[in-house]
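Read the structure below first, then the notes.
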Amino acid sequence: LDYEPGIHYPQLQMQAGTTGRDLRCYSITRQAKDQDPKGDFIRKYVEELAEIPGTAVLEPWKIPVASKVGKLAARYPARIVDEAKTSKESKTAIAALQRWFQEGGRSSGK
């Protein structure tokens, strides 16, 4: 990270969703597939998944439990959030906030 506070501070605020504009909803799975397509980072830093072969490491919850690899994946804790299930709700809420902001952020009088 270079030091350019004129752009970095606003960018960090925007990515954190604290600017009130351009609210974002990132997909953890998509980010993993885009930024770590082979799963090298995950294997290096998530000990429980280090032995999972190939791209299965990106979505260990999809590995059949009865398989040999499934036994390895079972060492990793179960997900507490189903990204696919919550994504739609999050995007709906974010879209509503964006509309509210674009309308001036005023109460609708309801």
Checklist entry - Where the accessible area of the range 4-96 is counted over protein heavy atoms with a 1.4 Å probe, how much of it, in %, is carbon and sulfur? => result 58 percent
Checklist outcome for this item: Listed by chain and number, the lysines with an alpha carbon less than 27 angstrom from that of residue 91, same-chain partners under 8 positions apart left out, are 33, 62, 110
Checklist entry - If you place +1 on the Cβ of every Lys and Arg, -1 on the Cβ of every Asp and Glu, and leave all else neutral, what size is the dipole of the chain about its Cα centre, to the nearest 20 Debye? => result 500 debye
Item to check | Accessible surface, the chain, averaged per residue in Å² (probe 1.4 Å) | outcome: 80 Å²
Next on the checklist: Applying a 10 Å radius around every beta-carbon, put 94-101, 4-11 in order of their mean neighbour count, most first.
Outcome noted: 94-101, 4-11
Checklist outcome for this item: Applying the gyration tensor rule to the Cα atoms of the range 37-110 (axes a ≥ b ≥ c; rounded if a/c under 1.5, else prolate if a/b exceeds b/c, else oblate), the class is prolate
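The values are calculated or read from the model by the stated rules, or taken from the named source; none is laboratory data. Remember, it's a predicted structure, so these values are computed and weren't measured experimentally. Neighbour counts are summed over all protein chains in view; Cβ atoms, including those assigned to glycine, are modelled from backbone coordinates with ideal geometry. For accessibility, only protein heavy atoms count, side chains too; no ligands or nucleic acids. Shrake-Rupley method; radii C 1.70, N 1.55, O 1.52, S 1.80 Å.
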